[in-house]
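Just dropping this structure here.
The values are calculated or read from the model by the stated rules, or taken from the named source; none is laboratory data. Fair warning: this is a prediction, and the values are worked out from it, not measured in the lab. Every residue, glycine among them, receives a Cβ derived from its backbone with ideal geometry; neighbour counts consider all protein chains shown. Side chains are part of the model used for accessible areas, which takes the heavy atoms of the whole protein and leaves out ligands, DNA and RNA. Shrake-Rupley method; radii C 1.70, N 1.55, O 1.52, S 1.80 Å.
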Amino acid sequence: MPAESSIRSIDSLMMPTQESLLLLELVEKKGVKPVSVLRGTGLSIKDLESDDIWISYRQSMQIVHNCLEKSG
(Lines give C-alpha, C1' and ligand atoms only; values in the text may rest on other atoms or scores of the structure.)
Protein backbone atom coordinates (compact mmCIF):
# COMPACT_ATOMS: atom_id res chain seq x y z
CA MET A 1 0.00 0.00 0.00
CA PRO A 2 1.40 3.44 -0.92
CA ALA A 3 2.46 5.82 1.79
CA GLU A 4 -0.35 8.13 2.88
CA SER A 5 1.49 11.19 1.55
CA SER A 6 1.57 9.70 -1.96
CA ILE A 7 -2.19 9.05 -2.09
CA ARG A 8 -3.86 11.74 -4.16
CA SER A 9 -7.48 12.71 -3.71
CA ILE A 10 -9.96 13.04 -6.53
CA ASP A 11 -9.93 16.79 -5.84
CA SER A 12 -6.17 17.14 -6.17
CA LEU A 13 -5.94 15.62 -9.65
CA MET A 14 -6.19 18.50 -12.10
CA MET A 15 -7.23 18.47 -15.75
CA PRO A 16 -7.39 21.02 -18.57
CA THR A 17 -10.85 22.31 -19.45
CA GLN A 18 -10.89 21.56 -23.18
CA GLU A 19 -12.49 18.11 -22.86
CA SER A 20 -15.31 19.46 -20.70
CA LEU A 21 -15.87 22.35 -23.07
CA LEU A 22 -16.20 19.92 -25.98
CA LEU A 23 -18.75 17.88 -24.03
CA LEU A 24 -20.76 21.03 -23.38
CA GLU A 25 -20.78 21.85 -27.07
CA LEU A 26 -21.93 18.33 -27.96
CA VAL A 27 -24.86 18.26 -25.55
CA GLU A 28 -25.82 21.82 -26.47
CA LYS A 29 -26.45 20.51 -30.01
CA LYS A 30 -28.96 18.13 -28.40
CA GLY A 31 -30.75 21.07 -26.78
CA VAL A 32 -29.16 20.81 -23.34
CA LYS A 33 -28.33 24.17 -21.74
CA PRO A 34 -24.66 24.35 -20.78
CA VAL A 35 -25.47 25.94 -17.44
CA SER A 36 -27.45 22.82 -16.46
CA VAL A 37 -24.41 20.64 -17.21
CA LEU A 38 -22.26 22.73 -14.87
CA ARG A 39 -24.57 22.32 -11.86
CA GLY A 40 -22.72 20.99 -8.86
CA THR A 41 -19.28 21.82 -10.24
CA GLY A 42 -18.78 25.37 -9.00
CA LEU A 43 -17.74 26.31 -12.55
CA SER A 44 -19.03 28.75 -15.12
CA ILE A 45 -18.75 28.76 -18.90
CA LYS A 46 -16.13 31.51 -18.57
CA ASP A 47 -14.07 29.23 -16.33
CA LEU A 48 -14.02 26.50 -18.97
CA GLU A 49 -13.13 28.98 -21.71
CA SER A 50 -10.12 30.27 -19.77
CA ASP A 51 -6.73 28.84 -20.71
CA ASP A 52 -5.46 29.60 -17.21
CA ILE A 53 -7.89 27.36 -15.33
CA TRP A 54 -7.58 23.65 -14.69
CA ILE A 55 -10.42 21.74 -13.07
CA SER A 56 -10.41 18.86 -10.64
CA TYR A 57 -11.08 15.31 -11.71
CA ARG A 58 -14.20 15.42 -9.51
CA GLN A 59 -15.51 18.48 -11.40
CA SER A 60 -14.79 16.80 -14.72
CA MET A 61 -16.63 13.64 -13.70
CA GLN A 62 -19.60 15.72 -12.49
CA ILE A 63 -19.77 17.34 -15.93
CA VAL A 64 -19.69 13.93 -17.61
CA HIS A 65 -22.41 12.66 -15.26
CA ASN A 66 -24.57 15.74 -15.91
CA CYS A 67 -24.09 15.41 -19.68
CA LEU A 68 -25.22 11.80 -19.63
CA GLU A 69 -28.17 12.57 -17.36
CA LYS A 70 -29.38 15.61 -19.32
CA SER A 71 -28.81 14.30 -22.84
CA GLY A 72 -30.31 10.87 -22.33
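Tell me whether the chain comes out rounded, prolate or oblate; compute the Cα gyration tensor, take square roots of the eigenvalues as a ≥ b ≥ c, and use a/c under 1.5 as the rounded threshold.
Prolate.
Okay, next question. Given a 10 angstrom Cα cut-off, can you work out which residue in Leu21, Leu13, Leu43 is the most mobile in a GNM of the chain?
Leu13
Another question about this same structure. Given an 8 Å cut-off on Cα distances and at least 6 residues of separation, report the relative contact order of the chain as a percent. Intermediate values should be presented prior to the final figure.
Details: 70 pairs, mean separation 32.1, N = 72.
Rounded, it is 45 percent for the chain.
OK, next. Quick one: angle between helix 18-29 and the longest Cα principal axis of the chain, in degrees between 0 and 90, rounded to 10, please.
30 degrees
Further question: Taking Cα atoms, how many degrees apart are the long axis of helix 57-71 and the longest axis of the chain, rounded to 10 and kept between 0 and 90?
So the inclination is approximately 30 degrees.
Using the Cα centre of the chain as the reference point, and only Cβ charges (+1 on K/R, -1 on D/E), how large is the resulting charge dipole? Debye, rounded to the nearest 20. List each step's numbers first, then the result.
Working: 8 positive and 10 negative charges, 71 e Å.
Dipole size: approximately 340 debye.
Now for a separate question. How much length would be gained if the chain were fully extended between Ile10 and Arg58, taking 0.36 nm per residue of separation minus their Cα-Cα distance, in nm to one decimal?
16.7 nm is the gain from fully extending Ile10 to Arg58.
Given a 1.4 Å probe, how much area per residue of the chain is accessible, in Å²?
Averaged over the residues of the chain, the accessible area is 72 Å².
Considering only protein heavy atoms and a probe of 1.4 Å, how much of the accessible area of the chain is carbon and sulfur, as a whole percent? It would help to have the intermediate numbers written out before the result.
Numbers: 2870 of 5150 Å².
Ligands and nucleic acids excluded, carbon and sulfur give 56 percent.
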